[in-house]
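Engineer: Have a look at this one.
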Amino acid sequence: MPAKVQVACCCLFLFGSFSATSQDPRRPEASSTGVPAPATPQQKTNSPSPIDGVWEGVLKLPVLTLRIVLHISGSDDGLKATYDSPDQLGFGRAVDSISFRGSTLTFEISRINVRFTGDLLDDGTIGGEFVQRGNGVDLVLARSSGAAPPASGSVENGRYHNDQTGLEFELPPGFSVRDTANYINNNGWQATITDSQRSNALIAAVWMAKRSLPEKRIPSILDAEIPAKIARRTDPNHPYEIPADRIQKISINGRQAIRAIGRYQQPGGQKMAELLTWIVTEHTEVHFYSMVPVDILPDVQWRFDQMVQSAMVP
């Protein structure tokens, strides 16, 4: 526990221990009959803390800007919290310690060597310093609903437009957008694609999220981070293979992208193929994917490729 909090806790404990009478504080007060009266147990309140809820702020770092969302619950005597870093696809991660004493909020995240100390201000925000590995930046946390706005998109003249990201792409023959929805844990949005040539079966999906990335970081994402994600898809129980020569760096309408084709076998023996394309810009990340039986791959792949090649990514 931080030293500042330790001192505050000790003071509260000492002030709360002494009675206003001359009785020995270690003994229950005597009754008029001389028989010690039963001790009255100290009442504890479990009412929510005044900072219970969802708080959101923006870290303005030297090379990029990141949002941080703090989910706080419990009473002042037993707070707990998790945090999200939406721009880094991190959700529900643990806050190791958190306390609220007087008007001061303190929390620590050990795994990334972070400590925040701030005060609840008159305007209802919490202003303080976010320190990571000895380097501090100002951070203001404001109450947030914690919920992503409803996902929405539209199709006009055979072209899909996503309202949240501005992503657009053409729908090839037979492809239709079934719906657009918030993704798991509000981690972006997803449009699901059906194929009228396959009885309107689900044929593909497009995941998209807003980003705030420095341009110089994009090559490392495409050259290292995304290939690493592809490599982690290996499942020893279901043979899954994406040969190195099936992972290609390409350009789509002036945007850098990664394209891959994977093959695997389902438990029942059916051979499947997976088509994958990632497009990354400073403002948006998009992932097109389709998982189909190998025997229909040629028919699906040319239409999938047409959809991907038409993508306009902000």
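Engineer: Modelled label-to-label distance, residue 225 and residue 159, 7 Å Cα→beta-carbon offset: nm?
Structural biologist: Each label point lies 7 Å from its Cα, and together they span 2.9 nm.
Engineer: With label points built 7 Å along Cα→Cβ from the Cα atoms of residue 210 and residue 182, find their separation and express it in nm.
Structural biologist: Once both label points are built, they end up 1.4 nm from each other.
Engineer: Sticking with this one: Write out the GluC sites (Glu not before Pro) in segment 247-314 meeting two conditions: DSSP loop, and at most 15 other Cβ atoms within 10 Å of their Cβ.
Structural biologist: 282
Engineer: A further question follows. Stick to the Cα atoms of segment 46-146, pair each with every other, and give me the Kirkwood hydrodynamic radius in Å at one decimal.
Structural biologist: By the Kirkwood definition, the hydrodynamic radius is 13.6 Å.
Engineer: Test of understanding: ordering 95, 294 by Cβ neighbours within 10 Å, fewest first, what list do you get?
Structural biologist: Ascending Cβ contact count within 10 Å gives the list 294, 95.
Engineer: Pull out the extension gain between residue 125 and residue 249, defined as 0.36 nm times the separation in residues minus the alpha carbon to alpha carbon distance; nm, one decimal.
Structural biologist: Separation in residues times 0.36 nm, less the Cα-Cα distance, equals 40.2 nm.
Engineer: Follow-up question, since we're still on this one. Taking the simple approach of a point 7 Å from Cα along Cα-to-Cβ for both residue 135 and residue 91, what is their distance in nm?
Structural biologist: 2.8 nm
Engineer: Counting other beta carbons within 10 Å of each residue's own, what order do 264, 289, 83 fall into, fewest first?
Structural biologist: 289, 264, 83
Engineer: Which residues in segment 168-205 have a backbone N closer than 12 Å to a point placed 7 Å from the Cα of residue 144 along the Cα-to-Cβ line?
Structural biologist: 186-188
Engineer: Kindly put 138, 245, 52 in sequence by how many other C-beta atoms sit within 10 Å of each C-beta, fewest to most.
Structural biologist: Sorted ascending by nearby Cβ count, the order is 245, 138, 52.
Engineer: Below 8 Å between Cα atoms, with a sequence gap of 6+, how large is the relative contact order for segment 46-146 in percent?
Structural biologist: So the answer I get is 22 percent.
Engineer: Pulled fully out, how much extra length does the chain show between residue 217 and residue 265, if you take 0.36 nm times their separation in residues and subtract their Cα-Cα distance?
Structural biologist: Length gained, residue 217 through residue 265: 13.7 nm.
Only the coordinates and a few stated rules stand behind these numbers; no lab work does. In this text, all values refer to a predicted model and were calculated from it rather than measured experimentally. All Cβ positions, even for glycine, are placed from backbone atoms using ideal geometry, and neighbour counts span all protein chains on display.
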